[in-house]
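One structure is given below, encoded as structure tokens.
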Amino acid sequence: MYDIFYASMIILILTVFLCLYRVLAGPGVENRLIAVNTIGTKTIVLLVLIGFIYERPIFLDIAIIYAMINFIATIAIAKYLKRGCLC
Amino acid sequence: MLTIINTLSLAFIIIGLFFMVVGAVGLVRLPDFYTRAHASGKCDTLGEGMMLIGFMLYEGFSLIAVKLLLLVLFIFISSPTAVHALVNAAHARGVVPWKKGDERR
């Protein structure tokens with residue numbers, strides 16, 4: 001079972017590099033933002049995998065906090081793009 | 001009994017991994033912002049939920065499973081909302097949708 005965890009970690013890191021291409025080369029702000037959001041949702045699974053492989057359940061709390069910060073940051077940047085201010 | 005649950009969790013993890021890879025490939029290859037938002041939003045939500053359900057089945061009934069269930073519920077609500085807010089902002093800023101025959105943007 002641990003081999004599957006290591007293999008899925010490697011595949012997810014390659015997927016993050018695929019998204020990083022869209023961050024670097026994407027035209028405009030919106031493409032970069034949606035690629036960063038996708039990288040954030042992949043990072044949550046990577047944190048849970050680290051917690052399972054090294055047997056440290058504290059990484060699950062870090063994953064929950066990371067999900068909340070990702071959501072709030074995306075909402076704030078979208079509101080700033082739409083209105084021009086954070087009011 | 002234990003082997004059946006392990007096989008089931010393995011199937012969930014592999015199907016979730018497939019959906020995450022498909023979402024990333026769609027994010028690179030599709031021609032427009034709106035189609036990329038479509039691929040990213042749906043495939044990420046489904047793949048992440050299925051992978052975390054697979055970890056939950058592997059772990060069994062404990063506090064870790066409850067935390068993973070909370071994470072699945074939060075992702076299932078918040079990820080489509082974030083993508084919807086981004087698409088709404090892009091539409092308000094005047095990003096034109098792609099039609100057949102246009103060039104890639």
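Things to note:
- Cα-projected label distance for B:VAL96 with A:ILE10, points at 7 Å along beta-carbon direction, nm: 4.6 nm
- Using a cutoff of 8 angstrom between alpha carbon atoms and counting only pairs six or more residues apart, the relative contact order for chain B works out to 33 percent.
- Buried area at the B-A interface (accessible, heavy atoms, 1.4 Å probe, summed, Å²): 3800 Å²
- For chain A: rounded, prolate or oblate by the Cα gyration tensor [a/c cutoff 1.5]: oblate
- The lysines whose alpha-carbon is closer than 24 Å to the alpha-carbon of A:LYS79, local same-chain residues fewer than 8 away aside, are A:LYS42, B:LYS42.
- Three-way shape call for chain B based on the alpha-carbon gyration tensor, with the a/c threshold at 1.5: oblate
- C-alpha long axis of helix B:63-93 to longest principal axis of chain B, angle in °: 0 degrees
- FRET efficiency estimate (nearest 0.05) - Cβ-Cβ, A:ALA76 to A:ILE53, R0 25 angstrom: 0.15
- Averaging the Cα positions of each part gives two centres, and for the stretch B:46-63 and the stretch A:7-21 these lie 20 Å apart.
- Accessible area of the protein assembly as shown belonging to carbon and sulfur atoms, whole % at 1.4 Å probe: 74 percent
The values are calculated or read from the model by the stated rules, or taken from the named source; none is laboratory data. Since the structure is predicted, the reported quantities are computational estimates derived from the model, not experimental observations. Cβ coordinates were reconstructed from backbone atoms using ideal geometry, including for glycine residues, and neighbour counts include every protein chain displayed. Note: accessible area is taken over every heavy atom of the protein model, side chains too, but ligands, DNA and RNA are not part of it. Shrake-Rupley method; radii C 1.70, N 1.55, O 1.52, S 1.80 Å.
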